[in-house]
Amino acid sequence: MLDPRPHLGEPPALDLLNTRWMEHGPRDLLTDVTGLRIWLESAGLAGTAPVDERTLEAVLTARSAVYDAVVHGARDALNEVLDRGRIRRHLDETGPMGTPEVADPAWLPGWLAADNLLQLLAEAPARIRRCAHPDCVLFFYDTSKNGTRRWHSMATCGNRAKAARHHARRS
């Protein structure tokens with residue numbers, strides 16, 4: 001089954017947040033294990049965890065924690081997710097490596113998304129953005145050269161905003 005979401009390709013933490021979107025009302029990809037399978041495949045995490053209710057519950061918990069950290073600056077729930085795993089550092093023939101270790105495989109996808117949020121926050125926290133369109137709930141990581149991107153997609157939300165401004169000027 002194809003991923004029905006309107007915006008794909010963000011880093012794992014934001015891609016997890018984008019499993020909720022607006023399209024003729026609120027939509028949520030993670031309402032069942034079929035949606036979980038779609039998200040795992042789309043996020044490049046297929047095979048990392050069983051596709052079952054336990055993994056779905058863990059991913060939903062991680063999504064809530066990532067959302068609270070991004071939107072409200074809350075740390076406790078995110079830290080609880082992160083407490084479920086660690087990165088084991090080692091050296092192999094290609095150089096330094098880090099291997100995620102999560103005791104319960106059901107938590108690995110959510111833990112990876114939470115860990116990814118830490119990476120984004122360390123690199124450029126101001127580039128983690130919510131789409132500026134008032135009816136949009138999607139997030140993106142601004143990779144534009146000057147860091148002024150406002151829309152998750154110029155083709156959708158950006159054009160809607162421009163059309164609304166144009167209509168307001170003409171009315």
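The values are calculated or read from the model by the stated rules, or taken from the named source; none is laboratory data. This is a predicted model, so every value here is computed, not measured. Cβ atoms come from the backbone with ideal geometry, glycine included; neighbour counts cover every protein chain shown. For accessibility, only protein heavy atoms count, side chains too; no ligands or nucleic acids. Shrake-Rupley method; radii C 1.70, N 1.55, O 1.52, S 1.80 Å.
In table form, for the structure just shown:
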read-out	value
Scope the range 7-16; condition part of a loop (DSSP other than H, G, I, E, B) and among the charged types (D, E, K, R); matching residues	Glu10
Checklist (1) open to solvent by 20 Å² or more (accessible area, probe 1.4 Å); (2) in contact (Cβ under 8 Å) with a residue 60 or more places away in the chain; (3) in contact with a Leu (Cβ under 6 Å, 6 or more places away or on another chain); (4) of a type outside the set (D, E, K, R) applied to Pro6, failing item	(3)
Pairs where the first residue, in the range 27-50, is touching a residue at least 24 places away in the same chain (Cβ under 8 Å) and the second is open to solvent by less than 40 Å² (accessible area, probe 1.4 Å) and among the small types (Gly, Ala, Ser), C-beta under 6 Å, 6+ apart	Leu29/Gly35; Ala49/Ala106
Within the range 9-25, considering residues that are over 23 Å from Gly85 (Cβ atoms) and touching a residue at least 24 places away in the same chain (Cβ under 8 Å), the one surrounded by the most Cβ atoms within 10 Å (Cβ to Cβ)	Trp21
Selection within the range 17-39 - of a type outside the set (S, T, N, Q), part of a loop (DSSP other than H, G, I, E, B) and closer than 23 Å to Trp111 by Cβ	Leu29, Leu30, Asp32
Some residue of the range 121-131 being surrounded by 16 or more Cβ atoms within 10 Å (Cβ to Cβ) and in a loop (DSSP other than H, G, I, E, B)	yes
Search result, residues across the range 77-105 that are open to solvent by 50 Å² or more (accessible area, probe 1.4 Å), assigned to a strand (DSSP E or B) and under 14 Å from Ala62 (Cβ atoms)	Pro100
Val66 being touching a strand residue (DSSP E or B) at 6+ places or on another chain (Cβ under 7 Å), assigned to a helix (DSSP H, G or I) and within 14 Å of Asp15 (Cβ to Cβ)	no
Flag for Val71 being within 20 Å of Asn18 (Cβ to Cβ) and crowded, with 19+ Cβ neighbours inside 10 Å	no
Flag if His152 is at pLDDT below 95, part of a loop (DSSP other than H, G, I, E, B), touching a Pro at 6+ places or on another chain (Cβ under 9 Å) and buried (at least 20 other Cβ atoms within 10 Å of the Cβ)	yes
